[in-house]
Every structure is written in structure tokens, then in C-alpha cells.
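The values are calculated or read from the model by the stated rules, or taken from the named source; none is laboratory data. A quick note: this is a predicted structure, and the numbers were derived from the prediction, not measured. When we count neighbours, we look across all protein chains shown, and the Cβ atoms used for this are built from the backbone with ideal geometry, even at glycine. Calculation scope for accessible area: heavy atoms of the full protein, side chains included, ligands and nucleic acids excluded. Shrake-Rupley method; radii C 1.70, N 1.55, O 1.52, S 1.80 Å.
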Amino acid sequence: MRAFTASVQEVFREAAARWTLIAYFALSTIFILLFAAAVNLDIVDGALAGMKLFGQSVDVGDNHIEIDKLVLGFESTFSGVLYFVGLFLALFATAHLVPRLQEKGTIDLYLSRPIGRVSLLLSRFTGGVLLAAADIVYLIGSIGAIVAWKTHVFHPRFFLSGAVILFTIATLMAFAFLVGVVTSSTAVSLMATYAVFFLAAILALHDRIAAAVSTEFAAKTVQALYWIFPKTAELGQATVALVAGAAAPERLANLDHFAVYGSTALFGVAALSLASWLFSRKDF
Amino acid sequence: MGEAPVRAEGLSKLYRSRFGSRTVRALDGASFRVETGQVFGLLGPNGAGKTTAVKILLGLTRPTAGSGFLCGRPVSEPESRRRVGYLPEGHRFPGYLTARQTLSIFGRMSGLDRASVSRRAPELLERVRLSEWADVRVKKFSKGMTQRLGLAAALVHDPDVLLLDEPTDGVDPVGRREIRDLLQEEAKRGKAILLNSHLLSEIERMCDRVAVLRSGKVVAEGRIEDLTATGSHYRLVADGVDEKLLAAFRETGASVERVNGHFDLTARDLGHLNALVDRLRASGAMLQELSPVRSSLEDVFVGLVREGEPKKETPS
């Protein structure tokens with residue numbers, strides 16, 4: 001266990017030394033401070049009576065805007081944006097974890113210690129996920145707290161959106177680890193994982209694509225790929241739907257959650273298991 | 001004698017190219033063992049299989065056949081490395097860590113708790129003369145300093161077995177001497193040390209036993225004195241030896257030549273040698289020195305390596 005925790009700690013140390021961690025927290029902090037300072041709301045009887053942005057009054061007209069709905073709209077939009085931005089940044093910050101570990105002259109130092117290969121790989125994975133979690137918790141936690149302070153509206157569901165984002169990051173990170181074990185290349189890991197993200201998003205339209213292709217084999221291949229790949233588009237929608245709750249549009253509220261989460265989790269577990277198996281059999 | 005802490009039994013390794021079209025036999029049934037308190041040298045030309053043997057012992061590479069044991073456990077078990085320190089050739093510590101952090105991370109990865117690492121790190125940094133650099137990032141270290149830090153990292157958990165690949169690589173002569181002294185101290189404390197080095201002079205100075213690998217096979221193994229002994233060839237220094245005595249020696253079948261103030265003497269066996277000494281003393285000559293003539297380890301090594309080279313065809 002000591003070896004495992006030492007390895008996890010090293011992931012954080014490395015992130016700090018390479019400025020990844022510091023840059024992310026610095027950018028997040030700037031955004032949080034700007035948000036805290038820039039937005040000032042005047043709320044009367046639970047409705048928005050006036051708003052100031054960077055000290056300038058914003059005309060809200062005569063419309064009766066319920067502050068609860070306004071906050072919900074902001075939080076669901078913010079979580080949707082964070083889903084994409086956070087995911088891309090987290091993968092960018094962690095894709096090197098396996099390729100760098102496997103470098104000649106480095107891997108010997110780790111594997112000559114009394115730690116199993118699977119444990120070593122999982123410790124890097126755990127470190128990467130915890131790093132991403134720290135980033136997301138900081139940003140969502142701070143923004144949620146500022147919103148609650150300014151509006152006196154508190155939505156616990158907003159914080160849960162972080163869990164969906166982290167789940168997607170962990171799944172794609174498992175795939176990045178698999179590519180890293182096979183190729184020992186950070187660039188290839190990153191490109192392959194982003195490719196999976198976009199391909200999976202396109203496959204969200206699997207029914208339409210299958211109907212458009214000319215052969216039955218091609219249609220079945222599209223459907224099979226849809227079920228194999230993580231549901232990146234649906235998870236983005238699920239993040240927004242989770243925050244919006246009852247206010248979510250019907251098409252988002254009716255997502256088949258079991259299919260979306262279940263098949264994505266299976267993809268992640270399969271990728272990480274395969275990466276562990278290959279890593280444990282590799283000659284260095 | 002208890003079980004040897006390092007045992008290699010019939011290790012073979014066949015590397016295949018990516019699509020299996022080409023194979024390279026890196027090791028071919030190599031066996032050797034390192035006993036407690038022994039410094040054992042693994043010698044061989046490039047590609048002889050030395051590094052592969054060490055990598056198999058550390059579980060970095062799996063053998064095609066044979067087995068290895070560390071501290072009585074099969075090398076396939078991570079636990080076999082609990083009491084082992086390893087210094088790989090061309091190691092690269094993460095450059096963002098300081099020397100102290102490096103020892104902390106790798107000490108804990110070897111199972112030490114934080115308190116033990118905090119106690120042990122300064123001692124070791126002092127021992128390898130890096131105390132003043134304890135809080136400097138490793139990326140600023142010279143090659144020799146990195147090598148000394150590598151040795152400290154290999155020793156951080158006070159292991160029973162040390163596997164060292166070119167430990168003095170890039171180290172200046174003074175540092176090399178210090179590393180030699182440190183390793184000999186560790187051997188005296190009962191550690192089993194396996195040394196893999198190209199520097200035959202280092203091996204000759206440090207090792208009790210050596211094994212010479214050629215094309216993946218152990219072609220010679222033994223104590224350095226035994227490997228370098230040339231049999232019944234001696235150096236004799238004596239006063240009052242005349243030609244009559246030399247002729248008498250030759251009559252017994254001994255070969256004797258005067259060379260630069262001493263004699264090169266070849267006797268059949270120890271009994272013959274003693275008879276020659278008796279004759280020398282009886283003649284009134286004064287014996288000053290009689291010592292076996294040895295080859296250098298380099299001579300032995302080059303001879304063994306050349307034996308395995310394909311013979312060149314000569315035109316008839």
C-alpha cells in the first residue's frame with residue numbers, strides 16, 4: 001500500500017512540477033474571482049429585479065425572471081461547458097503518465113521495487129483521476145458557492161454534475177492508458193483518445209447513419225460500434241440533464257441512463273483491464 | 001551455508017521481432033549464484049546477455065526457460081524484490097524531484113514508512129557526498145552525481161541484495177574509489193552484490209567471484225585468483241643462482257629462463273616445485289621470492305571471448 005500511495009503522490013508532484021496543476025488552478029482561480037466580482041444581482045421576491053455585469057447595469061426588461069430558473073440555466077450551461085473543457089484539459093494533463101513511465105531508464109527504477117505491475121499501473125491511473133477530480137471539485141465547488149452566495153439559491157445537483165464529468169474522464173483516461181501501454185507515445189495516446197471522443201459523439205446518430213448506409217453489414221457495424229464506444233455525446237447531455245432536473249428538455253430527460261452509463265463503464269473497465277494485462281506481460 | 005540470495009538456474013531468453021520473423025537468443029541456459037557477503041561480477045562482451053540476466057532477476061523481462069530466485073523467492077513475485085536494491089545503467093530519475101524527494105519516493109516504494117525514510121535519507125546523502133545537494137532538483141545534477149544518487153536510492157531500504165549495472169559509469173576517479181569502498185563495506189555487512197561492468201579493472205578490484213558470459217552462456221565461473229592463475233608457472237627471485245644450477249633444474253624437466261633480474265620457472269606440479277626449491281637451497285643460493293604468475297583478468301576475458309569467435313579462413 002505504501003508503494004501504491006507513493007506512486008499516486010508522485011503523479012501530483014509531477015503535475016505540480018510541470019506547471020499543469022498550478023496553471024489549471026491559476027486559470028480556475030482567475031475565472032472564479034472574475035465571476036465573483038463581475039456578477040451582481042438584485043433579487044426581489046425570488047425574481048430578478050436588476051443585474052450588474054462588471055459594474056454596468058444590464059437591462060432585464062419587464063419580464064418576470066425567476067431567480068431559481070436563471071441559476072438552473074446558468075449551472076446547467078456551465079456544467080455542459082465544463083464537461084468538454086474539463087475533459088480535454090484532464091486528458092491533456094495525464095496522457096503522458098504511462099509513456100513516460102515506460103521510458104528506458106525510468107521503468108527499471110519502478111519495477112525493481114516490490115510493487116506488482118498492475119498495482120503500479122493502477123496507482124498512476126488513480127493519481128490521474130484524483131488530479132482531475134481535484135480540478136473539477138475546485139471549479140464546481142467554488143462556482144456553486146459563489147452562486148449560492150449571490151443568489152441564495154442552492155442546487156446540490158450542480159455538484160453531482162462533477163461526478164458525471166469525472167466518470168467520463170476516467171473512462172477516456174483508461175483508453176489513453178491502453179494506447180500508452182501499447183505505443184509508449186504521449187502524442188498517439190492523446191490523438192487516439194480525442195478521436196474516440198469525437199467518433200463516439202458522431203455515433204450518437206447511429207440510427208440515422210445505419211439507415212443511410214447501403215449494406216446491412218455496414219449498418220450492423222455502425223450499431224455495434226455505437227454499443228462498444230463510450231457514449232460521449234449522451235454523457236454531455238446527461239451532465240446538463242442532471243443539473244436541470246425537471247427543467248431539462250424532454251429529449252435529455254428521457255436518456256436511457258443504463259445504456260449510457262453501463263456501456264461506457266464497460267468500455268472503461270475493458271480498456272483498463274486490457275492495459276493492465278498488456279503491461280504485466282511486457283518485456284522491458 | 002544458507003540458500004544463496006541470488007540464484008539464476010538455466011536462464012534462457014529468446015527475443016522475437018514484432019512479427020516473429022527474426023529471433024535473437026540473448027541468454028542460453030545461464031546459471032550462477034551470489035552468496036551472502038559476496039561481490040560477484042558478471043562479465044561479457046556487448047550482447048552477451050548480462051543485462052538480460054539482470055532484468056530477468058528483477059522481473060523486468062520474463063525468461064523463455066529457466067528460473068531465477070531472489071532472497072529465496074521466485075523472481076516472478078514482486079515480494080522477491082522487497083530486500084533488493086537495483087542501480088540500472090543509464091537510469092533517469094524524474095528531473096522535477098530533488099535528491100531528498102527521490103529517496104523519499106523510492107524508499108516508500110520499497111516499503112519504508114515516512115519516518116524511516118526521513119531518518120535514512122540524510123545518512124545516505126552524506127555517504128554519497130550529496131548532502132549539500134539534498135534539496136536541488138535532479139535535473140541539475142551531473143552524470144556522476146546522478147550515479148551517486150542512484151546508488152543511494154538502491155541502498156535506501158538497506159537491502160540484503162544489490163544488483164548494480166555499471167555503478168561507476170560517469171564517476172570521476174575519486175568518486176569511483178569512494179563507490180568501491182562503499183560497496184566493499186556493504187559486502188562486509190553481509191550483502192550479496194551482483195556487479196555488471198565493462199571495467200575489468202573495477203571487477204578485478206572489487207569482486208570475489210566472476211562469471212563470464214559469451215553468447216548467452218556462462219563460459220567460465222570462479223574466483224578471480226583461480227581464473228587468472230596460469231597453472232605451474234612461477235616467478236623466482238634468488239641470489240647465487242648459476243648456470244650449473246639452472247642446467248640441473250632443466251634436467252628434472254623444469255623450464256627456466258632468466259628474465260630481467262628474475263627467473264620464469266615452470267614446474268610439473270607442486271611436488272616438483274618443492275624439489276626444485278630444495279635443490280636451490282642446497283646449492284647455497286638465497287631464495288628471495290617465489291610467486292605464481294597470473295594473467296590479468298583482461299587476458300582471461302579476451303581469451304575466452306576470442307575462443308568463441310568464428311575462425312578466420314586463411315588462403316592455402
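Which residue, of B:Val219, B:Val156, B:Val161, is of a type outside the set (Ser, Thr, Tyr) and farther than 27 Å from A:Thr106 by Cα?
Of B:Val219, B:Val156, B:Val161, the one residue that is of a type outside the set (Ser, Thr, Tyr) and farther than 27 Å from A:Thr106 by Cα is B:Val219.
Does B:Asp135 fit the bill of being farther than 24 Å from B:Thr36 by Cα, in a loop (DSSP other than H, G, I, E, B) and within 19 Å of the chain's Cα centre (by Cα)?
no
Checking the conditions here, which among A:Val147, A:Val179, A:Val164 is buried (at least 20 other Cβ atoms within 10 Å of the Cβ) and within 30 Å of A:Val44 (Cβ to Cβ)?
Being buried (at least 20 other Cβ atoms within 10 Å of the Cβ) and within 30 Å of A:Val44 (Cβ to Cβ) holds for just one of A:Val147, A:Val179, A:Val164, which is A:Val147.
Consider B:Leu125 against the criteria (1) within 20 Å of A:Ser119 (Cβ to Cβ); (2) more than 14 Å from chain A (Cβ to nearest Cβ): it satisfies all of them except one. Which criterion is unmet?
Result: B:Leu125 fails condition (1) only.
Would you check if there is a residue in the range B:150-157 being facing another protein chain (nearest Cβ under 8 Å) and not β-branched (Val, Ile, Thr)?
Yes, there is a match, as at least one residue in the range B:150-157 is facing another protein chain (nearest Cβ under 8 Å) and not β-branched (Val, Ile, Thr).
Check off (1) closer than 30 Å to B:Glu9 by Cβ; (2) exposed (fewer than 13 other Cβ atoms within 10 Å of the Cβ) for B:Glu251 and give me the number that stays unchecked.
(1)
What is the number of the single condition among (1) more than 8 Å from chain A (Cβ to nearest Cβ); (2) buried (at least 19 other Cβ atoms within 10 Å of the Cβ) that B:Ala65 does not meet?
Failed condition: (2).
Tell me which residues, restricted to the range B:17-44, are open to solvent by less than 40 Å² (accessible area, probe 1.4 Å) and under 15 Å from the mean Cα position of the chain (by Cα).
Scanning the range B:17-44 gives B:Phe32, B:Val34, B:Glu35, B:Gly37, B:Gln38, B:Val39, B:Phe40, B:Gly41, B:Leu42, B:Leu43, B:Gly44.
Take the residues in the range B:77-97 that are open to solvent by 20 Å² or more (accessible area, probe 1.4 Å) and more than 7 Å from every other protein chain (Cβ to nearest Cβ), then tell me which one is farthest from A:Arg100 (Cα to Cα).
B:Arg83
Taking strands (runs of 3 or more DSSP E) that fall entirely within the range B:162-233, which contain at least 3 residues that are of a type in the set (Gly, Ala, Ser), open to solvent by 30 Å² or more (accessible area, probe 1.4 Å) and not assigned by TED's automatic domain parsing to the domain that holds B:Tyr15?
By residue number, no strands (runs of 3 or more DSSP E) qualify.
Hey, among the residues in the range B:1-43 that are within 14 Å of chain A (Cβ to nearest Cβ), among the polar types (S, T, N, Q) and in a strand (DSSP E or B), which one's nearest to B:Val218 (Cα to Cα)?
Looking at residues that are within 14 Å of chain A (Cβ to nearest Cβ), among the polar types (S, T, N, Q) and in a strand (DSSP E or B), I get B:Ser12.
Being open to solvent by 60 Å² or more (accessible area, probe 1.4 Å) and over 21 Å from B:Arg7 (Cα atoms) is true for just one of B:Ala115, B:Ala121. Which residue is that?
None of the other options fit; the residue is B:Ala115.
For the range B:99-112, how many residues are more than 9 Å from chain A (Cβ to nearest Cβ), open to solvent by less than 20 Å² (accessible area, probe 1.4 Å) and of a type outside the set (A, V, I, L, M)?
Total satisfying the criteria: 1.
Name the pairs whose Cβ atoms lie under 6 Å apart, with the first residue in the range B:19-47 and touching a residue at least 12 places away in the same chain (Cβ under 8 Å) and over 18 Å from B:Ser197 (Cα atoms), the second open to solvent by 40 Å² or more (accessible area, probe 1.4 Å) and among the hydrophobic types (A, V, I, L, M, F, W, C), and 6 or more positions between them or separate chains?
B:Arg25/B:Leu14
Would you be able to tell me the number of residues in the range B:261-280 that are open to solvent by 90 Å² or more (accessible area, probe 1.4 Å), modelled with pLDDT under 90 and not aliphatic (A, V, I, L, M)?
Summing the residues that are open to solvent by 90 Å² or more (accessible area, probe 1.4 Å), modelled with pLDDT under 90 and not aliphatic (A, V, I, L, M) in the range B:261-280 gives 1.
What are the residues in the range B:47-56 that are of a type outside the set (A, V, I, L, M, F, W, C) and under 15 Å from the mean Cα position of the chain (by Cα), if any?
B:Gly49, B:Lys50, B:Thr51
How about the range B:79-98: which of its residues are farther than 20 Å from A:Lys104 by Cα, outside any strand (DSSP E or B) and over 25 Å from the mean Cα position of the chain (by Cα)?
Correct list: B:Glu79 only.
Name the single residue that is surrounded by the fewest Cβ atoms within 10 Å (Cβ to Cβ) among those in the range B:48-57 being within 12 Å of another protein chain (Cβ to nearest Cβ) and in contact (Cβ under 8 Å) with a residue 12 or more places away in the chain.
So, considering only residues that are within 12 Å of another protein chain (Cβ to nearest Cβ) and in contact (Cβ under 8 Å) with a residue 12 or more places away in the chain, the one surrounded by the fewest Cβ atoms within 10 Å (Cβ to Cβ) is B:Thr51.
Taking the range A:2-15 on its own, how many of its residues are within 8 Å of chain B (Cβ to nearest Cβ) and either in contact with a Cys (Cβ under 7 Å, 6 or more places away or on another chain) or not polar (S, T, N, Q) (or both)?
6
With the range A:185-246 as the region, which helices (runs of 4 or more DSSP H) entirely inside it contain at least 2 residues that are more than 30 Å from A:Val71 (Cα to Cα)?
Once the helices (runs of 4 or more DSSP H) in the range A:185-246 are filtered for at least 2 residues that are more than 30 Å from A:Val71 (Cα to Cα), what remains is A:186-202, A:206-212, A:216-228.
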